[in-house]
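Here's the structure we're looking at; comments come further down.
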Amino acid sequence: MKNKILFALVLAFVLELSLSSAGEITNWEPVQDRNMVVTVRTIDKDGVHEIQYKYHMRSNPVRVHPCDEVQHFPELNEIWLTTQEARPHMYIISNNYNAYKPEGQDNWIGVDSDGQDIR
């Protein structure tokens, strides 16, 4: 009985993810050009996909208590990323990405302020 309940919960979670176009942020890492590379995982009928996005960091990282979470603040046009590590930090990034790298690609594709590809 417990296995059936667990399977039902996992299935519900997978279905919820597959219906969500936003996906789940699975990793983030600051890079030298004052951007944050964020990995987003989505699940659809074709499988699991991971796309990397670059977001502009709005400020220097702030030292915080560990909690490893993602908070969205659309009204501020910000996303707060808090790391779980020995010296945890919170990063505040723009809510809009400025480049992305599709799964299996090596090059970044720039995006203008309207969300259109720059090629």
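The values are calculated or read from the model by the stated rules, or taken from the named source; none is laboratory data. Just so we're clear, the structure is a prediction, and the values are computed from it rather than from any experiment. All Cβ positions, glycine included, derive from the backbone under ideal geometry; neighbour counts span all protein chains shown.
Residues in region 32-60 that are over 25 Å from S113 (Cβ atoms) and buried (at least 17 other Cβ atoms within 10 Å of the Cβ): I43 only. In region 61-70, the qualifying residues are those that are in contact with a strand residue (DSSP E or B) (Cβ under 7 Å, 6 or more places away or on another chain) and surrounded by fewer than 16 Cβ atoms within 10 Å (Cβ to Cβ), and the one that is nearest to I109 (Cα to Cα) is V70.
For region 3-28, a residue qualifies if it is surrounded by 12 or more Cβ atoms within 10 Å (Cβ to Cβ), within 10 Å of the chain's Cα centre (by Cα) and either at pLDDT 85 or above or at negative phi (or both), and the qualifying residues are E24, I25, N27, W28. Taken over region 89-114, residues that are closer than 20 Å to V48 by Cα and surrounded by fewer than 17 Cβ atoms within 10 Å (Cβ to Cβ) amount to 5. Does region 71-82 include one or more residues that are surrounded by fewer than 13 Cβ atoms within 10 Å (Cβ to Cβ) and modelled with pLDDT of 85 or more? No: zero hits.
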